[in-house]
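Beneath this line is the structure, given in structure tokens, with notes to follow.
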Amino acid sequence: MTQRIALVTGAMGGLGTAICQELAKAGHKVVASYHPQFDNKDAWLAEMAEAGFKDFVCVAGDVSSLEDCEKMVNEAEAAAGPVDILINNAGITRDKMFAKMEKDGWDAVIATNLTSLFNMTKQVSAKMAARGWGRIVNISSVNGVKGQAGQTNYSAAKAGVIGFTKALAAELAAKGVTVNAICPGYVATKMVMAIKPEVLQSIIDGVPMKRLAKPEEIGYACAYLSNDLSGFTTGATININGGLYYQ
Ligand code: CAA
């Protein structure tokens, strides 16, 4: 198969790591984008090498900054080649009931989880279209589909991710570039483990499968959507949530 260059944002988090691994297993060259404040890059790379993933390229930058995104993609292209696959995965939470939410918690989540899609996609989409092949996968959330108390900021951003996906999919459909969204449910990552134990337990009790997702169950869907044979799938939102919610 043709080896593609895949850039994954938020690559060193729980979900990002699994996405990088599944894309590498599918034969792609992976560029791992991470926040400059993440200070465990070397340990992460050592862990990846130990697991058999030895040639990840790393680029550092804040996805909420347009300049950083331009710099990261330039570095990725210089080190690995043109980006064929973009996985917009970086995301944060600042959960608070709306009555207590401050503007900074709203702004941070919108900037990192939604404006980042403009910032990153802008660097690659026209070039993908010019080459006639591209895959853009945006990580939304079950909570962008159903809404979640305590997450007006996150639910709004993740719903925005779906709107962005559908609109861009329509723009690029005739150019060989697909744009799809994945809506994970609750995945066993640090982000979810930060929920108070009693709240998390009640969430798991509400999942028909009575468990959290394994990160690789989401990573695998990214590899699926990045495949040549997913070329007729665009503008889709794939729910992977253990039966928690259907549209
Ligand atoms: N629906 C409606 N009301 C709710 C509620 C719910 N699910 N949960 C709590 N409340 C209400 C309580 O009844 C209480 O109301 P009263 O004050 O009238 O009694 C009030 O909210 C409690 O508010 P507080 O601000 O005092 O609550 P808190 O500070 O203890 O916790 C919270 C607020 C941090 C948002 C907490 O409820 C929480 O963590 N909720 C879970 C949010 C969540 O699911 N986050 C997902 C994170 S992981 C992720 O986002 C990944 C992904 O994509 C799935």
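The values are calculated or read from the model by the stated rules, or taken from the named source; none is laboratory data. Computed from a predicted model, the values in this text were never measured in an experiment. Note: ideal-geometry Cβ built from the backbone for every residue, glycine included; neighbour counts use all protein chains shown.
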Okay, helices (runs of 4 or more DSSP H) sitting entirely in the stretch 162-247 with 2 or more residues that are surrounded by 16 or more Cβ atoms within 10 Å (Cβ to Cβ) and among the hydroxyl-bearing types (Ser, Thr, Tyr), I get 215-226
Quick one: which of 109, 83 is at pLDDT 95 or above, within 16 Å of the ligand (Cβ to nearest atom) and not polar (S, T, N, Q)?
-> 109
Filtering the stretch 130-148 down to residues that are charged (D, E, K, R) and more than 16 Å from residue 158 (Cα to Cα), which residue is farthest from the ligand (Cβ to nearest atom)?
-> 131
Tabulated pairs, the stretch 184-197, first of a type in the set (Phe, Trp, Tyr), second within 7 Å of the ligand (Cβ to nearest atom), C-beta under 8 angstrom, 6+ apart or interchain = 186/142; 186/192; 186/203
Could we say that residue 155 is near the ligand (Cβ under 8 Å from one of its atoms), under 20 Å from residue 115 (Cα atoms), surrounded by 16 or more Cβ atoms within 10 Å (Cβ to Cβ) and modelled with pLDDT of 95 or more here?
-> no
What are the residue pairs meeting all of these: first residue in the stretch 90-104, first residue outside any helix (DSSP H, G or I), second residue more than 7 Å from the ligand (Cβ to nearest atom) and of a type in the set (Gly, Ala, Ser), Cβ atoms under 7 Å, and 6 or more apart or on different chains?
-> 90/10; 90/116; 91/10; 92/108; 94/105; 94/108; 96/105
